[in-house]
Amino acid sequence: MGRKRISILLSLVLCSVFLFVSSAFAQSAFTPNTQNILDRWTKALGGRDKIEQIKNVYQDGTTMEGGLQGSLKEWSTGAGQRRRLYERTGVDSTVTIYDGRRGWYRDWER
């Protein structure tokens, strides 16, 4: 190999090593890992003790699908039971219920 070719090869290797090291440093210094994200989320909600006190969750929201407005309501328990009601105004509605072992689904359009 000629000197010029060795010099170019060495430059490419050094650049590659520099890019690898700098990207690894940047990820570790600035990119939070999953545990860090979960820890911050837990702290923002009042801590693990507060979260563990939650027994039931109720969610209520609105949707827009194909120009039709709808609503979504869901009740969940710590025991794994769920009831979900989805309605599109003037079109249809569905109910999904799960008691922890069995599930039911009702579509009023069918």
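Read-outs throughout are calculated quantities, based only on the coordinates presented, and are distinct from any laboratory measurement. Treat the numbers as computed from the prediction; the structure is a model and nothing was measured. Heads up, the Cβs are rebuilt from the backbone with ideal geometry, glycines too, and the neighbour counts pull from every protein chain shown.
Can you classify the range 48-107 as rounded, prolate or oblate using the Cα gyration tensor, where a ≥ b ≥ c are the square roots of its eigenvalues, rounded means a/c under 1.5, and otherwise it's prolate if a/b beats b/c and oblate if not?
Oblate shape, in that a/c is at least 1.5 and b/c is the bigger or equal ratio.
Below 11 angstrom from the Cβ of residue 61, what's the summed charge of the other residues (Lys, Arg +1; Asp, Glu -1)?
-1
Could you pull out every residue, at least 5 positions away or on a different chain, whose amide H is within less than 5 Å of the one on residue 69? Hs are placed 1.01 Å off N in the peptide plane, and Pro or chain starts have none.
Under 5 Å from the amide H of residue 69 lie the amide H atoms of 89, each far enough along the sequence or on another chain.
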